[in-house]
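None of the figures in this text is laboratory data; all of them are computed from the coordinates on show. This structure is a prediction, so every number in the text was calculated from the model and none was measured. Using ideal geometry, Cβ is built from the backbone for each residue, glycine included, and neighbour counts are taken over all protein chains shown.
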Amino acid sequence: MRTLVTYIMVFPQRSAFVLIALLAAGIAEGLSLTALLPLLSVAVGDASSSDTGRTVVQAMQRIGIEPTISTMLLIIVGGMITKSLILLLANRQVGYTVAHVASKLRQELIEALLASRWQYYLRQPAGSLANSVATEAYRAAQGFEHAANVMALSIQVLVYSAVALFISWEVTLVSLLLGAVMLLVLQKLVGAARKAGNKQTHLLRHLLSYLSDVLASVKSLKAMARDNVADAILRDETKQLEKATRREVMSREALLALQEPILATLIAGGLYLALVMWQLSLPAVMVMVFLLTRIQSMLNKAQRRYQHLVAQESAYWALRAAIEEARAAAERTVGTQQPTLQQGISLRHIVFDYDKKSIFQDLNIEIPVNSFTSITGPSGAGKSTLLDLLCGLAEPKSGEILVDGVSLREINLHHWRHMIGYVSQDTILLHDTILSNVLIGAPALTQADAEQALRQAGAWDFVSALPEGMLTLVGERGGLLSGGQRQRIAIARALAHHPLFLLLDEPTSALDPDSERIICETLQRLAQSLTVIAVSHQPAVINAAGRIFVLSKGKAELLPRLPDNASNSTAACEAV
């Protein structure tokens, strides 16, 4: 019931429209049903045998309607048509709302995740996020549809009960009491469906998280003949999910199977009470049988819909929890100044640690504009962390990062990041065209921007030589391109929005010497108009840089620039 109330509170306008439409439909149906008893009385030639029938006939006569069979048939048909038209509007609104609920939940989750701190985002399994956006959002939206159906059926039960009370309050109250008892008896099956739904939500999250990780490393697993281990784990997870689904199906079908005989028993008991104990007239009994059958049938349907709702509700609450958790981990940005990059960047006395693991103790680096700086050092020295600090993805414990003399804390981070081009250590391309991989759907960028970026990245020659040019598909994770080509596409992506500051994390790792040479030449050329920082272990990148910093023991040492015939990489290794 909490989920039903929550849906109404979260989507009040849409829920109010649905409720008003359902109420209007119920009233229209109720008015049409009031003509049923006098119609049957007239049909059997005994219009005066029922107090209720006489009341209805007198009311019709007072408003100028002759209670003939044709008139009452028109009232019944007209009421049903009116009810159907109003229900059509209500159900259409329900359908629109289901789509809106799914889209809104997806949008809220994505916005919350993108606004969260980088350290929080790193802890989230990609498969679990994909499951939340796809499966859980859909199941949560379906929950709203089931909730709307519960409301619709409940309103119809109220309307039919009101008409039945008008005919015989004794029979109606007894039937409603028996119906309530039936619902309570079968409530355990609803609880079983809720438990099965909770289990499905948990298993789907875990299964898709693991599946995402397996697919990301499937090549190495197959190469080592270890894909069978992953397959065994996935098979076990799938079997558990199948069991949970079976339990939900069993509880649902058991509810349906038990409702039918109980309904028949209640109808038989109602007939006995009406004919033998209360001795109602035949038309009244016929109407009561119709009404009570409908009431019990709608109660059964409402319970089944509610069972569907509780089976889906865990997805809604899991999604809401993920949204609230991501919002709680939102980046705290207070800077308002517009950034510039005309002089340079300074890191002064930076102290940073990860969960008590010290990374920087007193880091000092000066980076002039339009320069090519290489950052090297042993693994774990904080090279990638340094790039995170420069992007504002991580914040130092103490010390200052100054951009043209202004603290990064005082700068609008969004505008600062818009000035940055970033190439990550893992070059991941979308399974799409080269054009789409460069522009990444940015509405402000054009095909001309993509071509310029590809030229800057030294990729235009090989791209223009392809049969479909920029419209060539790159394959899964860029697998149809060579490593050097993928890296140049990634650099073009970082350059497409015309940044002033280019950051690269291991830009030539795992590249052949020729590809590495092309990338280094590209970076040297870019440094004439951009400020370039490249984190690397590779001698070629270190030698190509105009400035070299070696990270070690929480500090940075600037190496002197050696003569062109000497190796800067050797000096870097000696410094480490």
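Brief remarks on what is shown
- Neighbour-count ranking [beta-carbon atoms within 10 angstrom, fewest first] of E260, E366, E136: E260, E366, E136
- Sequence-separation-based contact order of the range 344-575, relative, with Cα cut under 8 Å and 6+ spacing, percent: 28 percent
- Cα gyration tensor shape of the range 344-575, rounded if a/c is under 1.5, else prolate or oblate by comparing a/b with b/c: prolate
- Sequence of V351, V77, V541, V403 once ranked by neighbouring C-beta atoms within 10 Å, starting from the fewest: V77, V351, V403, V541
- Shape metrics for the range 417-514, restricted to C-alpha atoms - Rg then Dmax, Å: 12.3, 37
- Radius 10 Å from Cβ of R327, net charge of other residues (Lys, Arg +1; Asp, Glu -1): -4
- For the range 344-575, DSSP calls about 55 percent of its internal beta bridges antiparallel.
- Exposure proxy ranking, count of Cβ atoms within 10 Å, fewest first, for H497, H415: H415, H497
- Whole-Hz Karplus values for the range 459-475 come out as 10, 5, 4, 6, 5, 5, 7, 6, x, 9, x, 5, 8, 6, 6, 9, x Hz, taken residue by residue from phi with 6.51 cos²θ - 1.76 cosθ + 1.60 and θ = phi - 60°; glycine and proline positions read x.
- Prolate/oblate/rounded call for the range 331-437, Cα gyration tensor, a/c under 1.5 rounded: oblate
- A cut-off under 14 angstrom between Cβ atoms defines the neighbours of G392, and their net charge, with Lys, Arg +1 and Asp, Glu -1, is -1.
- Shape of the range 377-441, Cα gyration tensor, a/c cut at 1.5: oblate
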